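Structure record follows, encoded as structure tokens.
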Amino acid sequence: MDKPASKDPLEGKTLEMLLNELVSWYGWEELGRHIRINCFIENPSIKSSLTFLRRTPWARSKVERLYLRTLKRKIREKKNADPAES
């Protein structure tokens, strides 16, 4: 029997996927303003950020929360932009 689809938007997403999407949406500078951690402010890179986030649960949690907030906002904006598809 098929399992019902999960409603968790983080299921199946890796930390690297989340980080890449956030960087693509915001850029490093803006991401560093949203989450004030040095790996986003001083010489940022995906590799160094992943290393830090994997070792620092509180920072990873902040990234996940920002991702979820941003995802909800993007869904809302999409619905508002094209009400015919709702």
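We did not get these values from a lab; they are worked out from the coordinates using the rules stated. Every value quoted in this text rests on a predicted model; they were computed, and no experiment measured them. With ideal geometry, Cβ positions are generated from the backbone for all residues, glycine too; neighbour counts draw on all protein chains shown.
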Per-residue ³J(HN,Hα) for the stretch 59-75, Karplus 6.51 cos²θ - 1.76 cosθ + 1.60, θ = phi - 60°, Hz, x for Gly and Pro
6, 4, 4, 5, 5, 5, 5, 5, 4, 5, 4, 5, 4, 4, 5, 5, 5
With Cα coordinates, the longest principal axis of the chain makes an angle with the long axis of helix 46-55, in degrees rounded to 10, of 90 degrees
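Can you give the FRET efficiency for residue 38 and residue 81, using 1/(1 + (r/R0)^6), R0 = 25 Å, r = Cβ-Cβ distance, to the nearest 0.05?
So the FRET efficiency works out to roughly 0.10.
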Check: the stretch 8-86 dipole with +1 on Lys, Arg Cβ and -1 on Asp, Glu Cβ, in debye
300 debye
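Quick one: plug the Kirkwood hydrodynamic radius of the stretch 15-76 (C-alpha pairs) into Stokes-Einstein at 37 °C, 0.692 mPa s, and report D in µm²/s.
Numbers: Rh = 11.5 Å.
Value of D from the Cα-based Kirkwood radius: 286 µm²/s.
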